[in-house]
Amino acid sequence: MMLDEGVLSFKPGEIVIVEYTSRSQAPLLFAKILETFGDEILLVLDIVDIGFTFRKTLEIAGVGPADLDDVPVVKIGGKITWGRMLAHFDVYTDPRIFIEKTENLVKKEFTSKRGVIIAFGTERVPIIHKDARRVSLCLMNCASEKLGNPDKTLVYFINRDTSERAFLGLMEDIATRVILASEDGVRVIKSLQE
């Protein structure tokens with residue numbers, strides 16, 4: 001996977017959306033992010049085991065970091081534990097509850113530490129809950145509150161094949177950078193620098 005130098009030049013305060021298709025090489029992009037920001041990875045949010053599938057794909061391919069057991073992980077739904085588990089929340093509870101609990105955990109564990117938070121599977125949450133529009137707005141509001149935070153960069157991996165279009169549009173709207181990983185490669189489709 002050839003990446004333009006600017007693709008991963010994330011800055012503190014950015015909200016980055018990595019849209020990927022089911023046939024893309026998105027796990028390789030995850031590996032590249034780990035390689036680029038390894039020491040700065042604060043947390044991986046793994047919703048309904050999507051992060052685990054990325055990890056397993058890299059493991060099978062023999063690509064990326066040899067050991068992901070030290071990566072701090074918060075699970076929201078799903079059953080498979082991996083990394084250094086900090087918490088496990090029920091995806092079927094009101095999203096505001098697990099969002100608040102996750103935010104409190106980040107504040108407690110990483111108060112003064114600067115770094116990158118990677119979220120997998122957020123597009124699944126509106127599908128699971130009955131009121132998809134309210135849930136989509138809730139998730140978007142949570143993300144937008146982090147915009148400009150000088151200590152954190154948020155990276156959301158969102159499968160555009162399974163995401164509801166309205167949710168994807170809301171997330172694209174607040175993002176400072178949108179990267180598309182498709183069968184045709186990786187390209188930046190929104191950036192403040194271009």
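Since every read-out is calculated from the coordinates, none of them should be taken as a lab result. Since we're looking at a predicted model, the values are computed, not measured. FYI the Cβ positions are ideal-geometry reconstructions off the backbone, even for glycines, and counts take in every protein chain you see.
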Single unsatisfied condition, PRO12 versus (1) touching a Pro at 6+ places or on another chain (Cβ under 8 Å); (2) of a type outside the set (Phe, Trp, Tyr); (3) outside any loop (DSSP other than H, G, I, E, B); (4) touching a residue at least 60 places away in the same chain (Cβ under 8 Å): (3)
Positions within region 30-86 being touching a strand residue (DSSP E or B) at 6+ places or on another chain (Cβ under 7 Å), closer than 22 Å to LEU180 by Cα and acidic (Asp, Glu), in sequence order: ASP46
Scan of region 97-123 for residues that are within 23 Å of GLU164 (Cβ to Cβ) and either in a loop (DSSP other than H, G, I, E, B) or of a type in the set (Lys, Arg) (or both), ordered by number: GLY121, THR122, GLU123
Residue match in region 78-96 (condition: part of a helix (DSSP H, G or I), in contact with a Cys (Cβ under 7 Å, 6 or more places away or on another chain) and under 30 Å from GLN193 (Cβ atoms)): no
Index of the failed condition, THR153 passing every other in (1) touching an Asp or Glu at 6+ places or on another chain (Cβ under 8 Å); (2) surrounded by 20 or more Cβ atoms within 10 Å (Cβ to Cβ); (3) among the hydroxyl-bearing types (Ser, Thr, Tyr); (4) not in a strand (DSSP E or B): (4)
Filter result (touching a residue at least 12 places away in the same chain (Cβ under 8 Å), acidic (Asp, Glu) and surrounded by fewer than 20 Cβ atoms within 10 Å (Cβ to Cβ)) within region 40-65: GLU40
Residue that is surrounded by fewer than 18 Cβ atoms within 10 Å (Cβ to Cβ) and either in contact (Cβ under 8 Å) with a residue 40 or more places away in the chain or in contact with a His (Cβ under 8 Å, 6 or more places away or on another chain) (or both), where the choices are THR102, THR81: THR81
In region 133-169, residue farthest from ILE179 (Cα to Cα) [restricted to those that are among the basic types (Lys, Arg) and touching a residue at least 24 places away in the same chain (Cβ under 8 Å)]: ARG133
Matching residues, region 25-76, being part of a strand (DSSP E or B) and among the charged types (D, E, K, R): ASP46, LYS75
Region 87-99: number of residues that are touching a residue at least 24 places away in the same chain (Cβ under 8 Å) and either over 15 Å from ILE128 (Cβ atoms) or touching a strand residue (DSSP E or B) at 6+ places or on another chain (Cβ under 6 Å) (or both): 1
